[in-house]
Every structure is written in structure tokens, then in C-alpha cells.
Amino acid sequence: MTINRQGSTRGNAAGTVARVKRFPWLKALAWVTALGLLAFGLILGAVLLYFSMQVPDFRGISEYRPALISKVYDREGEIVAEYATERRTWVPIAEIPKPVIQAFLAAEDADFYQHGGFDFKAIVRAALVNIFTHRTQGASTITQQVAKTFLLSSERTFTRKIKELILSWQIERAYSKNEILELYLNRIYLGNGSYGIAAAAQTYFSKKLTELSIGERAMLAGMPQAPSRFNPVRNPKSATARRDIIIRRMEAEGMISATEATAAIAAPLTLQLSPLKQGEDAPHFAEFIRRLAIQQYGEKALYEDGLAIYTTLNLGLQKKAETAVYNGLRAFDRRKGWRGPLARMESLTDWQPQLDEIVGRYIHSERLGTPAVVLRIKDGKVTLGLPSGEEGLLDNASARWTGRGNPAGWLKPRDVVLVKPQPHNDAATPRTFGLEQLPQIQGALIAMDVQSGEVLAMVGGLGEGIGFNRAVQAKRQVGSAFKPFVYAAALENGYTPASTVLDAPVVFRTGDNEWKPHNYDNKIGGNTTLREGLEKSRNLMTVRLAQDVGLRRIADVAQRLGITDRVPITDLSVALGTLNLSLIDMTSAYASFPRGGPALTPSYLRRVQGAAGTTLYRGHPACENCLAQLGATPSQLPTLPPSAATQGLSPQVAYQMTSILQGVVQRGTAFALRSLNRPVAGKTGTTNDYNDAWFIGFTPSLAVGVWVGYDTPRSMGVGETGGRTAIPIWRDFVAAALDGTPVEEFSVPEGLEFVRVDAASGLLPGVNTERTMAEAFLPGTAPTQETPAFVDDPLGLAPGGSTTPEETGNMENLLRSFGIF
């Protein structure tokens, strides 16, 4: 046999020709095969060309803007509330820990960094599994999932699959692997409303990505395939099984050791759920900020654009405010006694569904207690059925406030009552619950920084904050809490704290109408200093003072200090607080006194930023460039400068009012606040028939207002004054808020001189002076006369005089005879 130079043999070629001639069908088969392959290629090319013209522009993923969570923060950076249509936190690929990435690659696409957008071997393998077994297996790569998620629908059709392959090929050539992975890890849905791995880590484990364990990473990585089926909340067994599969895949890929895998599989699946914050700790403030943000930036921006809203709220103070208001209203409600059960079931058969329906009615009051049904009463013990389906015992001692003895004697099976769990440390004994009652009374509290006007705490009532916010929306009669505006106007117009005004009966007639004011105790005090008149909240002298000063001047003072409502100037009853005002206006107006006179505008926002960090609003622009001058240190923020404001009062009059209002605490209607043992000033307010109770007060740095009343005005009961009903709430909050802080003194401005005067007459001390006090005067306004040694005062009108109600009636008749009354 002859060999040619290429190593072939002529004999082989001749043999092939001979076989072709012997089997002519081979040639035909070769031609058919070639033509078939050519046709298939042409058809495939045509199909791909056709669908490539129908697929969306893959460059659209570059313009993808995910709906992000907007977060509301308090002044210390604590999250108060979160608002979003989807829970999502975008994390750049460089900040995603490598072990987290590896877990998802092991679960979804181990060859991600090797293939060009689709994995042909995986496609063939999945096709064989789907054809020859009863199992269903997918073959989508991460790139294909990105294409489907961002650009296509979720329909399961061949046409969608073809488009997905085309887009995957295009995406791979336009974007880097890391860019594709970043899109995927931040976009995938992982159940419970969470989109992206960072949001899911927070939802299920309350952790950052860097804090996740092997098992936690594996559980999250196993969820994209079927977020509902592998949801650890709803299906913990399936989720655990899926987690273990992913752990073994991570081991097989060399991402973790066999020892680590075994330990991770042995560990229990432990969740620490962290749903979106709904403002639970500050419900009314959170709702106020939500509405404010929508008003300023729009609903879409709040729910989709990932705003960062930094507020003035202090969550620590807010919690103390919520507690103080609840305790105060609870104490009031208990003074009124037991009103009966919340409801009564027709039967205890299937009591749980019935209880669930009742619980739904009181969902907004869950912070105050939870409904429970009395199942049985035996041996002096009341057994309760709880919403969880468990049973518990009512603590008999917790019902003492009802004054009705052992509750086993007056509760009945099928009664539904409100209860709160009590501390329970012994697992062998039944849980005990305290008897509660949902207060019908409502209340509100506002606390703000005196210098900056920043609102530090806001309680708009009991329950959730979705409804009415009594701190800013309610307008109620303010009673004697309005009197400081009357006295401030008097000080601006020639009066001093030591000036005296007659506290005696007076009647005002307009046509057929007659108005006859009286003091709370129905006594009269005669000639009384302004200080004592405000300390003891004297109505008669206040009306006389208002008549002399003029309502127009009083209205001007109130509006200069920030009262936004119109103050009538033709009705003298306004001087006693018959007009309706909001708690926020009253509190901010009072704050002008300790800050030296400038009017104060409440502020709620410190800064608002967009998702990219762009500042949309800054509350204190001056502070950004003067940190050193304001005393900032690396570990402590500077004190904010006072807010820009118009001058409401002169510093001298503001201090005089502060000093007089301190006397309200030292000797007057707010005497209960002396227990705080620090400088405090303020004024109580009680309206007709005890419909409303107020106390507005302040320290050198903190202004706090409290209101208590029924939403539909009605009497709270005789004696339910501002001193009894509002002051305990104010005291408890301020005591907790200032606990451990240094005692501050009110600052005294220049332009005042202090002179010791007779406390009763307001004149210089005389031989019979019983009590003196140092009073602040503008230069040239201090008294020069000495208190007389003897005063002929048969009517009891001299300074310090006082009469009983019977004597008052006789005095009215006598004054009438002189034409005075």
C-alpha cells in the first residue's frame, strides 16, 4: 500500500468511493442532514431575529429605580416609622459580604461567573428531568432571572423563554457580572413583603448582612425558588429542609467545610422577626410626620423614593410621655369605678373565634390591654380564655381599684374583660393577668425645647395615632391657662407684679344678658397684687384687669406669642379662657416666657434627604457650618441655636411673667409640683363644669403642655381641675424626663431691679408686714410708699382681705347700695 505525504492511503479513499457507489442512500442522507442543519440554522436565526425585535430594550435595567423604604428617625437616629409599598433596602455589591453571595450562587447558579448568560448543560439536564421524571426542574441562571424580573412577565410560555435567553445574552455583553449580581440580590422577592437580601435579613433575623450565620444565609438563599413555600414564618419545616439542602450545596462547592455544614444543619431555625416600624412608640407623632411629608413631597415620594426624615423627636422622652399620659388617664378612669365588661358572649362553645372578632374591635387599643373571656369561676378564682387559645388566671388583687371585692363574686362566665399580663417567672404555674378598663377619658401632651422650638414628645391621645391628634388638632376651652396673656399685657402697660387690683364682685350687662363671674372658691380677696391674683387664679380681679388693659392689647400679646386663632376683643369672658385653642399653640406661647420673650414656632423636622443623600430640607442651616463655635465635640452634638423668631415680649416682661408663674408652683394652684425640687413655672386651667383640665408649664429648657377631657365635651366630675387631673401627668413626665439632669435656674435679663416688698400690699414693708418677697421691677416702677400700719377695712377689701361666700353676698348688696356693683 502506498502512503501519501499527508499520511493518508489511496486505498481508503477508493474504499469510500466504492461504499458510496455500493450504498447511494448514504450520499442522500448526508445531503439531507446538511440541508436540515442549514434549514434549522436559518429557522433558528429567523426565530431569534424575530424575537430579538420584540424583546424590550435591555438597557432599561440601567434606568431601574426600585421603590425604597422611607424612614422616619428620631433626633438620635432611632427608627420611628417606615413607609413603603415594598420593603427594600438597596445595597451596593461591594458592601454585600462574600459569604452571602456564595450562598446565593450555590443555591441558584454555581457557574454564574463561567457562563455567558445561560447554561446549556443545565437546560438539557432540566429538560431530561422534566421529560423522564415526575419532578419539575428549572434551569434559569441568575442573568435569566434578572431578565425576567426586570423586563418580562412571569408567564410560563416558550415565547417568554426565548425572549429571556435573548435578553440574557444581551445583558451579559452590556453589564459586568457584579452589576448583574447586584441587580439580582437587591430585586429578588424573599417573602413577607421583603425585596432584596438586606430587607429580608432585617425582616426575618433583625440583622445586618454582615451578622448572618451560615444557616441564616442558606435559608435566605433557598427562598427565591418559592418564597411562599419556603417561608420560615408560615412553613418552618419546608424552610428548614430547603436550608439544609443549600448548606450541603455550599459544602459541595467548597464554600464551607463539612464541619461547618454539619453544625449549621444541627442548629435550630431561630427567627427574630422585625416588621416595618409603624410608629408604635410614637403613634400620633409618626402619623403627624407622615401627613406632613405627603403634604410637602407627595405620597409617591414617601412610599417609593426612600426618603430619610430626621425629626426632632426624642424617643426616650416620648416613651416617658406615653407612660405618664396613660397612667394619668388610667388613674382618673379608676376614680370613676368599674363600668362593666367589654362584651358578653352568648355561649362558650367555640369561644376563640368569638374572642378573635372582639379583639379586632379593640385592635387600636392593644397597648392598653387585650380582651379575654371568663371561662369559669371556681374556688374564688377566675379562669380566662386568651386570644392565643391559652388559659390564664385573673389576679384578684389587681381588681381592688373597683372597690367591689373579689372579682369571682361579680364577674360571670362569658364576660369579656380587658386584661394585661403580669410578670411570670414560674413555668409550672398558670400565667396571671391584671384587670384593666379602657379609659373613656382622653388626654394629650406636648414637650418642646424652649430655645429651638423642637418638639421632643407628642402624645395625641390613648390608642393608635391613625385618628384624631388632640395635641395639634383639638381646640378646647383653655380656662385660666389663658390668664398669663392678660397679665403680660398688663405688665406691658404700666402694671407691675406688685400692683393691686380689686378682687370683688362685678356684673356685666349687655341688653337683657347679664354675666356675673365668680372665683373658684366663691371668696373675694379685696385689693390683691397681680402676683397673688395669678398664683391663686382669681377670676374677679382678672376680669377687672382685662377691662382696664383692654382686650385689644391682650389679643395682641397672645398673637405675638404664637396663638394662631383670632382672639375676640369684645367679650371680657375671653380673659377667663372661654375661647378654644390648641395644646401646641398654648405650649409654644408659654415657652416664650423662659426664653426671654421671642415668639416660638414649633418645629418637627431637622433634615430630610433623598435616597441618594441629597438634602431636601434642613431645619437649622446655620448649625451646619458652626459646629466648633457651638461647642461640638467628637462624641457630643452641639446645642442648636435658638430658632429665628419675632420678639413677642421684652426680656424684662418675660422674666416678670416667669417669676409670677413660678409663684403658681410655690404658693398657688400648682403647689403639687414643688416635689420636683427644681425651678418650675406654669399655670393650671379648668373650664366650666370641669369639662377641660389644663396645665402648661416650663423649666429653663423644657416647655410641656397637658390637656385632659372627653372628646365630646362633658363634665369630668366635681373637683377634676387642672391641678388634680392634668398636673399629675405633667409632674410624672417632667420628673422622668429631667431625672439625673443638673438643676437649671431661670436667667435674669438686664434692665430689672429687685426690691423687697410686702407680699400682701405690694408696697414697701411696714411695721405690721407679715411676709416679704423680692419682686422684679422695671427701673422707676418700684413702690415708694410703705405699707400702712393700720387700715380701716370693714368691707374686707384691703390687701390680704378675704370673705366667705355668705360674706360675699352681703358685700354685693352693700356695694350695690353705693352704686359700685
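The values are calculated or read from the model by the stated rules, or taken from the named source; none is laboratory data. In this text, all values refer to a predicted model and were calculated from it rather than measured experimentally. Here Cβ is always computed from backbone atoms with ideal geometry, including for glycine, and neighbour counts include all displayed protein chains. Ligands, DNA and RNA are stripped out before the accessible areas are found, and what is left, the full protein with its side chains, is counted by its heavy atoms. Shrake-Rupley method; radii C 1.70, N 1.55, O 1.52, S 1.80 Å.
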| Mind checking which residues of segment 558-572 are surrounded by 16 or more Cβ atoms within 10 Å (Cβ to Cβ) and more than 26 Å from Gly596 (Cβ to Cβ)? | Leu572
| task | Test each condition in (1) open to solvent by 10 Å² or more (accessible area, probe 1.4 Å); (2) over 30 Å from Ser573 (Cα atoms); (3) assigned to a loop (DSSP other than H, G, I, E, B) for Leu456 and report the one that comes out false. | result | (3)
| query | How about segment 457-476: which of its residues are among the hydrophobic types (A, V, I, L, M, F, W, C) and either within 24 Å of Ala331 (Cβ to Cβ) or at pLDDT below 95 (or both)? | reply | Ala457, Met458, Val459, Leu462, Ile466, Phe468, Ala471, Ala474
| remark: Screening Gly526, Gly479 for residues that are on the phi > 0 side of the Ramachandran plot, open to solvent by less than 20 Å² (accessible area, probe 1.4 Å) and modelled with pLDDT of 95 or more leaves only Gly479
| Can you tell which of Thr803, Thr769, Thr725 is crowded, with 18+ Cβ neighbours inside 10 Å, modelled with pLDDT under 90 and either within 50 Å of the chain's Cα centre (by Cα) or not in a strand (DSSP E or B) (or both)? | Thr803
| task | Please find, within segment 355-410, the residue that is least open to solvent (accessible area, probe 1.4 Å) out of those that are of a type in the set (Asp, Glu) and closer than 27 Å to Val325 by Cβ. | result | Asp395
| field | In segment 666-684, the residues that are under 10 Å from Ile727 (Cα atoms) and open to solvent by 80 Å² or more (accessible area, probe 1.4 Å) | value | Phe671
| query | Are any of the residues in segment 207-215 among the acidic types (Asp, Glu) and crowded, with 21+ Cβ neighbours inside 10 Å? | reply | no
| For segment 667-684, does any single residue satisfy the condition of being in a strand (DSSP E or B), in contact with a helix residue (DSSP H, G or I) (Cβ under 8 Å, 6 or more places away or on another chain), under 20 Å from Ala324 (Cα atoms) and polar (S, T, N, Q)? | yes
| remark: Scanning segment 411-434 for residues that are part of a strand (DSSP E or B) and in contact with a Phe, Trp or Tyr (Cβ under 8 Å, 6 or more places away or on another chain), the one surrounded by the fewest Cβ atoms within 10 Å (Cβ to Cβ) turns out to be Pro421
| said: Please go through segment 529-546 and give me each residue that is open to solvent by 10 Å² or more (accessible area, probe 1.4 Å) and of a type in the set (Gly, Ala, Ser), ordered by number. | reply: Ser537
| query | Got a number for residues in segment 224-240 being closer than 17 Å to Gln272 by Cβ, of a type in the set (A, V, I, L, M) and open to solvent by less than 40 Å² (accessible area, probe 1.4 Å)? | reply | 1
| field | Residues (open to solvent by less than 30 Å² (accessible area, probe 1.4 Å) and within 19 Å of Val486 (Cα to Cα)) located in segment 685-694 | value | Gly685, Thr687, Trp694
| said: Pairs please, first residue from segment 380-399 and within 25 Å of Pro353 (Cβ to Cβ), second anywhere and of a type in the set (Gly, Ala, Ser) and in a strand (DSSP E or B), Cβ atoms under 7 Å, 6+ apart in sequence or on different chains. | reply: Leu384/Ala372; Leu384/Gly392; Gly385/Ala372; Leu386/Ala372; Leu386/Gly392; Glu391/Gly385
| Residues located in segment 751-763, provided they are free of Cβ contacts under 8 Å to residues at least 40 places away in the same chain and either in a loop (DSSP other than H, G, I, E, B) or open to solvent by 50 Å² or more (accessible area, probe 1.4 Å) (or both) | Glu753, Phe754, Arg756
| message | Here is a list: Leu152, Leu181. Which entry is at pLDDT below 80 and either of a type outside the set (Asp, Glu) or surrounded by fewer than 12 Cβ atoms within 10 Å (Cβ to Cβ) (or both)? | response | Leu152
| field | Subset of segment 728-750 (residues that are in a loop (DSSP other than H, G, I, E, B) and of a type in the set (D, E, K, R)) | value | Asp739, Glu744, Glu745, Glu750
| request: Collect the residues in segment 466-485 that are of a type outside the set (A, V, I, L, M), assigned to a loop (DSSP other than H, G, I, E, B) and over 15 Å from Ile584 (Cβ atoms), keeping them in residue-number order. | output: Gly467
| field | Residues being surrounded by 15 or more Cβ atoms within 10 Å (Cβ to Cβ) and on the phi > 0 side of the Ramachandran plot - total across segment 241-264 | value | 0
| request: Residues being touching a helix residue (DSSP H, G or I) at 6+ places or on another chain (Cβ under 6 Å), closer than 30 Å to Gln442 by Cα and buried (at least 16 other Cβ atoms within 10 Å of the Cβ): count how many of those fall in segment 284-307. | output: 1
